[in-house]
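Notes follow the structure.
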Amino acid sequence: MSDYIPMQAEIIDIDIESSNTYLISLKILEDIDFCYRPGQFVMVSVFGLGECPISITSSPTRKTLQLCVRRAGRITNGIMDCLVGDIIGIRGPCGNGFPLEIMKKNIIIAGGGSGFATLRSLVNYIVDQRSKFGNVAVAYGARTRRDLYFMQEYKGWQQAGVDVGITVDIGDESWKGDIGLVTSLIDKFKLPQGSAAICGPPIMINAVATKLMDRGFDHSDIFVSLERHMKCGVGKCEHCMIGPYHACKDGPVFSYDKVKKLL
């Protein structure tokens, strides 16, 4: 398939994750084997409105392609106004995913806010291939309980032998868990040195990476997914430049040693 021509995809299911976020399941209508890896994204188009980048939220170990879409503008509003049975456009997969072939078997996954949507693909990939990995921990923080994604999945991850820590910035009467920064969860994990996958605001990425390096992680073993304003997805338009890198083509996943001075 061409990098420039969208494939048609049918919306087959819509789940509400939060007040402004949907988990959308898709069926590619083209006769192709749509292969991707955790951390990659697609360019999603609503015909007549345009297109925007959306991280792939599902794991390639599962049949259904899923995207987590948050209302943020004209095109995401158009996607979320679609109904089951509607057709949208998909270009991709784009960019680089997490380099699982070189990542160590002990892995900590840390996400902040909507950035955790990208990491769900990696978590479920590890759960589905659990015997290939060692100690695995997930640290996830959101503003409030209502902003947490995928709450119905945490128990299943724990049952698969993944340590799961959840925190919020602001608690309420219904919240019985941790309150504070994602970095506060890191110290609770007895995880040996290994690799890390991080996605979230730059200040959170730097804080978590620093915490991990203090614990002996090498900066080349820390991989970060960076969100940028990508317009073309193929490294042509220059909108997503991070120093010398195109986030859409050289990333969105980078080793921390390459980008730590650019954040």
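Length available on full extension from LYS63 to ASP257: 0.36 nm per residue minus the Cα-Cα distance, which gives 66.4 nm. Put in line by how crowded their Cβ is, counting other Cβ atoms within 10 Å and starting with the fewest, MET204, MET213 read MET213, MET204. Note on LEU49 and ILE16: their simple-model spin labels are 1.8 nm apart, each label 7 Å out from Cα toward Cβ. Taking the three principal axes of the alpha carbon atoms in segment 119-168, the coordinate ranges are 34, 17, 15 Å, sorted in descending order. Note that segment 144-156 has calculated 3J(HN,Hα) couplings of 9, 4, 5, 9, 6, 9, 6, 4, 6, 9, 4, 4, x Hz, one per residue in order, obtained from phi through the Karplus relation 6.51 cos²θ - 1.76 cosθ + 1.60 (θ = phi - 60°); glycine and proline are x.
I'd like the FRET efficiency for ASN135 and GLU30, computed as 1/(1 + (r/R0)^6) with the beta carbon distance as r and R0 of 41 Å, rounded to 0.05. After rounding, the FRET efficiency stands at 0.55. Among GLY115, GLY48, GLY161, the largest mean-square fluctuation in a Gaussian network model of the chain, built with springs joining Cα atoms closer than 10 Å, belongs to GLY48. Looking at segment 107-259, the pairs of alpha carbons with a distance over 28 Å make up 20% of the total. Ranked by how many other Cβ atoms sit within 10 Å of their own Cβ, fewest first, the residues GLU153, GLU238 fall in the order GLU238, GLU153.
The long axis of helix 202-214 is offset from the longest Cα principal axis of the chain by roughly 40 degrees. For segment 7-93, a crude dipole built from +1 on the beta carbon of Lys and Arg and -1 on the beta carbon of Asp and Glu, taken about the Cα centre, is about 300 debye to the nearest 20.
Counting only alpha carbon atoms, the long axis of helix 116-128 and the longest principal axis of the chain meet at about 80°. Karplus-based coupling profile of segment 229-240, in residue order and whole Hz: 7, 8, 10, 10, x, 10, x, 9, 8, 6, 5, 9, with θ = phi - 60° in 6.51 cos²θ - 1.76 cosθ + 1.60 and x standing for Gly or Pro.
Within the chain, CYS35, CYS52, CYS68, CYS82, CYS94, CYS199, CYS240, CYS248 have no other Cys Cβ under 4.7 Å of their Cβ and so lack a disulfide-compatible partner by this rule. The GluC sites (Glu not before Pro) found in segment 1-52 that occupy coil by DSSP, while having at most 16 further C-beta atoms within 10 Å, are GLU30. Can you find, among VAL127, LEU185, PHE116, the residue sitting farthest towards the positive end of the charge dipole of segment 95-191, where Lys and Arg contribute +1 and Asp and Glu -1 at Cβ? Positive-most Cα among the choices belongs to VAL127.
Here is how the number arises for the chain: DSSP H runs of 4 or more residues each give -39500 (n - 2.57), the sum is divided by the residue count, and the result at 222 nm is -4500 deg cm²/dmol.
Candidates PHE41, ILE203, THR144 compared by Cα position along the dipole of the chain: farthest toward the positive end lies ILE203, with charges placed on Cβ. First check a/c for the chain, with a ≥ b ≥ c the square roots of the eigenvalues of its C-alpha gyration tensor; if it is under 1.5, answer rounded, and if not, answer prolate when a/b is larger than b/c or oblate otherwise. Judged from the Cα gyration tensor, the chain comes out prolate (a/c at least 1.5, a/b above b/c). Using bins of 10 Å that start at zero, the share of Cα-Cα pairs per bin across segment 193-253 amounts to 24, 43, 26, 7, in whole %.
Where a number appears in this text, it was derived from the coordinates with a stated rule and is not lab data. As the structure is a computational prediction, the values presented were derived from the model and not from experiment. Glycine gets a Cβ as well: all are built from the backbone with ideal geometry, and neighbour counts include every protein chain shown.
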